[in-house]
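The values are calculated or read from the model by the stated rules, or taken from the named source; none is laboratory data. None of the values given here were measured: they were computed from a predicted structure. Cβ placement follows ideal geometry from the backbone for every residue including glycine, while neighbour counts extend to all protein chains displayed.
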Amino acid sequence: MESAAVGDEMARLMRLVGAWKQRVRDEGWGDRLLLGRLTEGGPRRATDLAADTLLDLSTVSRQIRSLVERGLVERRPDPEDGRGALLSPTGQGLAAVERYRAQRDQKLADALASWPSRDRREFGRLLARFNDDFGELHVRPVCAPGHQQGPAAPRP
C-alpha cells in the first residue's frame with residue numbers, strides 16, 4: 001500500500017476514532033487520557049501533564065480539578081518546588097484506569113476477532129512501528145525545547 005492509500009486509510013481511521021470518542025465522551029474520555037498518563041508516568045505537575053498529552057494547560061487544569069473533586073487524583077506539594085503540586089492517581093483513579101483499559105481492550109478484541117492470530121500480532125507490530133516513527137517525525141519535535149516526552153501510550 002503506497003503512502004496515498006495509507007493516508008486515505010489513516011484519515012478514515014481518524015474519522016472512526018473521532019466518532020468513537022464522541023460516543024464515549026460522556027463515559028469520561030478526558031479522564032481516560034489524563035489518568036492513563038498519570039498511571040504510566042508517575043506523579044507529575046500539571047504543566048508536564050499538558051505537555052505529555054499535547055493539550056492546553058487550561059484544559060488540563062480544568063479536567064484535573066474535576067478529577068481531584070471526584071477523588072480520582074490527589075495533589076501533593078512538589079518537594080523540589082513548594083509552589084507547585086504533583087498529581088497522582090488515587091486508588092479510585094487506578095481502578096478507573098483499569099476499567100477504561102478493559103473496555104478499550106474488549107472493543108479492540110471484538111474488532112479483531114475474525115483475524116488470524118498471526119495477523120493480529122503483525123498488525124500490532126506494524127502499528128507500534130508506525131506510531132514510533134510518526135511520533136519521532138511529527139510529534140516530539142513540537143514539544144517544548146528541553147522537554148522530555150513521557151512514555152508512549154500503552155499498546156493494545
**Study point:** Qualifying positions in segment 42-95 - in contact with a Ser or Thr (Cβ under 9 Å, 6 or more places away or on another chain), closer than 30 Å to residue 138 by Cα and of a type in the set (Lys, Arg)
**Key:** 44
Exercise for review: Might you let me know whether segment 109-123 holds any residue that is in contact (Cβ under 8 Å) with a residue 12 or more places away in the chain and closer than 24 Å to residue 21 by Cβ?
Suggested key: no
Point to revise | Hits in segment 34-65 (condition: free of Cβ contacts under 8 Å to residues at least 12 places away in the same chain and under 16 Å from residue 90 (Cβ atoms)) | key: 65
Exercise for review: Run residue 118 past the list (1) over 17 Å from residue 6 (Cβ atoms); (2) at pLDDT 95 or above; (3) surrounded by 13 or more Cβ atoms within 10 Å (Cβ to Cβ); (4) not polar (S, T, N, Q) and report the number of the one that doesn't hold.
Suggested key: (3)
Revision key, fill the gap. Every listed condition ((1) aliphatic (A, V, I, L, M); (2) surrounded by 12 or more Cβ atoms within 10 Å (Cβ to Cβ); (3) more than 18 Å from the chain's Cα centre (by Cα)) holds for residue 128 save (3)
